[in-house]
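A short write-up of the structure that comes next.
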Amino acid sequence: MGSSLVLIRVDTTKLKLPEGRASWAPEGILAYSKICTHAGCAVALYRKPTFPVLEPQDALVCPCHYSTFDPFTGGTVTYGPAGRPLPQLPLEIDADGNLRAAGNFSQRVGPSWWNVRSRPTND
């Protein structure tokens with residue numbers, strides 16, 4: 001069974017996380033939903049720059065439609081059809097040195113259309 005979470009460790013001096021998220025990446029460890037916010041495919045590629053002019057930094061990439069997300073800035077979209085960032089999961093290291101989730105994702109996981117109802121309801 002696969003995971004719907006991607007964990008990466010980055011250089012903390014390069015982090016520019018959104019306000020209030022500085023503590024979400026203990027020791028430079030970041031967690032993002034692996035479910036693309038465009039079409040729900042698995043964001044399964046972690047790209048290291050091989051040609052810095054075109055690829056200025058590391059990125060998380062969805063192979064279905066090439067939505068590209070910046071892990072250093074809170075999963076913001078840098079390329080492709082995704083309309084919103086990858087949801088970030090806050091992390092912490094407990095007193096025993098274990099890495100664990102410190103709360104819920106920064107926003108709803110998955111593409112926007114997952115929340116669309118096909119028929120009106122009387123709720």
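Read the figures in this text as sums done on the coordinates, not as results from a lab. Keep in mind that this is a model prediction, so the values were computed, not measured.
Using bins of 10 Å that start at zero, the share of Cα-Cα pairs per bin across the chain amounts to 13, 42, 31, 11, 3, 0, in whole %. Taking θ as phi - 60° and the Karplus parameters 6.51, -1.76 and 1.60, the scalar couplings of segment 5-12 work out to 10, 10, 10, 9, 10, 10, 5, 5 Hz in sequence order, x denoting glycine and proline. Residues whose amide H falls under 5 Å from that of residue 34, counting only those 5 or more places apart or on a different chain, are 5, 6, with hydrogens built in the peptide plane. Across the chain, Cα pairs under 8 Å and at least six residues apart give a relative contact order of 24 percent.
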